[in-house]
Amino acid sequence: MKRRLALPALALAMLMSAVSPVLAVEEADRLFMVGEHALADRFFPVARRTLERFVAQYPGDARQPRALLMLGKARVALNDPQAALDAIRRAQSGLTSPAETQEAMFWQAEALFRLRRFGEARAAYDEIVRTDAAGPLAPDAVYGVGLSQLELKRAEPAVTAFREFLSTWPDHALAPAVTLQLARALVEARHAPDALTLLAAFAATYPGSPKIADAQFLAGWVKFNNGDPRGGLANLKEFVTANPTHGQTPAARRLIAQWSAKYGDRDEMLESYKALLDQEPPTADALYEAAQIAARLARAKDQDTAWKKLHAQFPDHPLTRQLARDLANAAFKHKRWKDASALGQIAAQSEEAPVRAEGLLTVGESELQLGRFPQAAKAFEAVGAIADVEADPRYRALAGLGLAREQQREWKAALAAYEIVADRSPDATLRDWARARVAAVKGQLKKSSNGAPATPKPGKRASNRS
């Protein structure tokens, strides 16, 4: 009963602040105590707000360095590493005890790591180990050294650090996580068999660890990418079945789908398609891959189902724009001009210049076929407005613009577009076509108003499309 009535440290501190002025502690004491207990109880937003008030309001308080250190820790926990680093560095000059100095060095390393300044982080972690190898922060520091080396693409030094950790502290709470990182480092160092041996023993070495599923996924991934794709596929399928909501399950499904799409038989591909389509929660990657599998199987309805789900749930995702481009091209080849134009307009909203340019080209060429020449001209002009657009789409768009202007009997505008293509296009076929149009339009300009127009039909392509 007494345990159930006990108040957390933070609640007790806040209660003290509400009692009568006679019993209330000084405001500086109250802020420091609430911040300290909030940090201990992992109420990081409360700790940050309270300690920031203490630091701002009582700059001359002797506890200022300790408060700054605690504030830095709270900011690291709240993923604000730059502000954390600023507070910790301010604290360092005022800390006197070796323990606090080491603690400040460690949290500085943590902030640097989160800022992706891995070289500086590694040096700070190294300093902790060098000055107090038997101290309480040494295990975390050695782990930090290994992670920093891994991020710096120095696999062998990372292996050394992780092995040192497991040799020195085999029963530490971080040992399962370190083992997984060691396996990753071994793969990076081209020692995949050693990594697989380590992962095969993971469940027996750490029974009951919540990271057993991570080890299962990693074992499948290592096999899949290092000479045993079928063995990896079997491991990944087992992993997905046993862990349908795991954070790595979408990645496992993508790997299974990729393998099935390249090497699997029809039934395996259909199985992957269904798994990707029904994945919960859905992801853009999974739905895009499902559509790709359906395309390889020539199952148009299934591809359309995946497309509609992708477009409905992830309308602004880059993969949605890419698939719209692919579908627009397919619709154009099958002479479904309206569908091609609509899909091209979706692709044209992409932030990726090549996808946007292709989408606009398809819109323009489809609108030409539909006889909607102002809309076609607008799309072709938009291609030219894209910065650093490649030569092929640029000159195809100019050729299309010439056609659209010619159909509108805007001879001078058509001639200007054709002449650029005829002079500068790297595509010899397109240059020859444009020169023929230049000659035809010049002839048209010389003719009397009663002369027959030299306008080509939209069906004569100004590109390499089939």
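The values are calculated or read from the model by the stated rules, or taken from the named source; none is laboratory data. Everything numeric here is computed off the predicted structure, so don't read it as measured data. Every residue, glycine among them, receives a Cβ derived from its backbone with ideal geometry; neighbour counts consider all protein chains shown. Ligands, DNA and RNA are excluded from the accessible area calculation, which covers all protein heavy atoms including side chains. Shrake-Rupley method; radii C 1.70, N 1.55, O 1.52, S 1.80 Å.
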Exercise. Which residues, taken from the stretch 226-266, are under 19 Å from Leu196 (Cβ atoms) and among the charged types (D, E, K, R)?
Worked result: Asp228, Arg230, Lys237, Glu238
Exercise. Residue check, Ala312 against (1) within 16 Å of Leu343 (Cα to Cα); (2) under 19 Å from the mean Cα position of the chain (by Cα); (3) small (Gly, Ala, Ser), all met but one. Which one?
Worked result: (2)
For this session: Kindly establish whether Ala399 is assigned to a helix (DSSP H, G or I), of a type in the set (A, V, I, L, M), closer than 20 Å to Ser341 by Cβ and in contact (Cβ under 8 Å) with a residue 60 or more places away in the chain.
Result: yes
Exercise. Among the residues of the stretch 141-161, which ones are surrounded by fewer than 19 Cβ atoms within 10 Å (Cβ to Cβ) and either closer than 21 Å to Leu85 by Cβ or among the hydrophobic types (A, V, I, L, M, F, W, C) (or both)?
Worked result: Glu151, Leu152, Ala155
Seminar exercise, completed: Residue pairs within 8 Å by beta carbon, gap of at least six or interchain, first lying in the stretch 306-331 and closer than 9 Å to Ala284 by Cα and aliphatic (A, V, I, L, M), second open to solvent by 30 Å² or more (accessible area, probe 1.4 Å) and modelled with pLDDT under 95, listed first then second, are Leu310/Tyr288; Leu319/Asp285; Leu319/Tyr288
Seminar exercise, completed: Counting only helices (runs of 4 or more DSSP H) wholly inside the stretch 193-279, the ones holding at least 3 residues that are open to solvent by 40 Å² or more (accessible area, probe 1.4 Å) and in contact with a Pro (Cβ under 7 Å, 6 or more places away or on another chain) are none
Problem set entry | From the options Ala91, Ala83, residue that is free of Cβ contacts under 8 Å to residues at least 12 places away in the same chain, part of a helix (DSSP H, G or I) and within 22 Å of Phe32 (Cα to Cα) | Ala83
Exercise. Listed residues Ala353, Ala357; which is touching an Asp or Glu at 6+ places or on another chain (Cβ under 9 Å), farther than 30 Å from Pro281 by Cβ and surrounded by fewer than 24 Cβ atoms within 10 Å (Cβ to Cβ)?
Worked result: Ala353
For this session: Please tell me if Ala298 is within 17 Å of Ala257 (Cα to Cα) and either open to solvent by 60 Å² or more (accessible area, probe 1.4 Å) or touching a Cys at 6+ places or on another chain (Cβ under 7 Å) (or both).
Result: yes
For this session: Answer with yes or no whether Gln292 is surrounded by 17 or more Cβ atoms within 10 Å (Cβ to Cβ), under 22 Å from the mean Cα position of the chain (by Cα) and among the polar types (S, T, N, Q).
Result: yes
Exercise. Quick one: how many residues across the stretch 97-138 are outside any helix (DSSP H, G or I) and touching a residue at least 24 places away in the same chain (Cβ under 8 Å)?
Worked result: 5
Exercise. Are any residues in the stretch 162-188 among the charged types (D, E, K, R) and either open to solvent by less than 70 Å² (accessible area, probe 1.4 Å) or free of Cβ contacts under 8 Å to residues at least 12 places away in the same chain (or both), and if so, which ones?
Worked result: Asp171
Exercise. If we keep just the residues of the stretch 387-409 that are aliphatic (A, V, I, L, M) and under 36 Å from the mean Cα position of the chain (by Cα), which is most open to solvent (accessible area, probe 1.4 Å)?
Worked result: Ala387
